[in-house]
1. Using a 1.4 angstrom probe on heavy atoms only, work out the carbon and sulfur share of the accessible area of the chain in %.
2. Under 16 Å Cα-Cα from K130, which aspartates and glutamates qualify once same-chain neighbours fewer than 8 residues away are excluded?
3. Between K61 and I93, what is the label-point separation in nm under the 7 Å Cα-to-beta-carbon projection?
4. Pull out a ≥ b ≥ c, the square roots of the eigenvalues of the alpha-carbon gyration tensor of region 104-159, then state rounded if a/c is under 1.5, prolate if not and a/b is larger than b/c, and oblate in the remaining case.
5. How much area per residue is accessible in region 39-100 when the probe is 1.4 Å and only protein heavy atoms are counted (Å²)?
6. When the helices in the chain are scored as -39500 (n - 2.57) per DSSP H run of 4 or longer and the sum is shared across all residues, what 222 nm value do you end up with, to the nearest 500 deg cm²/dmol?
7. Going highest first, how would you order 95-103, 47-55 by mean Cβ packing within 10 Å?
8. Simple spin-label model, 7 Å along Cα-to-Cβ: K103 to K157 in nm?
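The values are calculated or read from the model by the stated rules, or taken from the named source; none is laboratory data. Computed from a predicted model, the values in this text were never measured in an experiment. As a convention, Cβ positions derive from the backbone with ideal geometry for all residues, glycine included, and neighbour counts pool all protein chains shown. Please note that ligands, DNA and RNA were not included when accessible areas were found on the heavy atoms of the full protein model with its side chains. Shrake-Rupley method; radii C 1.70, N 1.55, O 1.52, S 1.80 Å.
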Amino acid sequence: MASSNKIEDHRKKWDREEYERLAAERIQEELDAQEKAHQKQPPVKRELLRQRDYRVDLESKLGKSIVITKNTPSSQTGGYYCNVCDCVVKDSINFLDHINGKKHQRNMGMSMRVENSTVDQVRKRFEINKKKLEEKKKDYDIEQRMKELKEEEEKLKEYRREKKKEKKRKLDEDNDDHKDQQSELASIMGFSGFGGGKKSK
């Protein structure tokens, strides 16, 4: 009868402490695996951003027609092809945005950080620019420049003379054509001329 007074529970009983211990072990293993993965891969050292040493070709395909089929490689399809990222960009503005962007620079092995210039580097750059300006001033010869200006003025005067002559020639030709048309019209109609002459008695 003692067993009949006791209500039997058919639910399965879980050992809570055991499962908490197993979960803690699993989390610890995952953390250890992550640490090992980070230790195996050395941190990536990227170069600082530097100036492009080549000219970007945007005009070579302008005005040209290309036949594109299913088998045409992506580098030869329409648009601008980036061989670093293996992608095609449809217009020049987006292509420039792409090659100056973060993804492209990372694929080239560069970070988006720029090298900080020191005071000495800035002074050297100023000196180089000063030397370039001085060389340009030396190359600039006043007498030669005056001679060039005179030649340009003479060419301009000659051009204006030619224009005037051409204009006068066209006016003369137009007048001759007009006179020829009047004389033809007069002869067709049987007149010797259009008025202005003395009448014979």
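1. Carbon and sulfur together cover 51 percent of it.
2. Leaving aside aspartates and glutamates fewer than 8 places away in the same chain, those within reach of K130 are D120, D139.
3. Each label point is offset 7 Å from its Cα along the Cβ direction, giving 1.8 nm.
4. Oblate is the answer for region 104-159, as a/c is 1.5 or above yet b/c matches or exceeds a/b.
5. Working: 5390 Å² over 62 residues.
Computed with neighbouring chains in place, this is 87 Å² per residue.
6. -19000 deg cm²/dmol
7. Descending mean neighbour count gives 95-103, 47-55.
8. Modelled inter-label distance: 6.5 nm.
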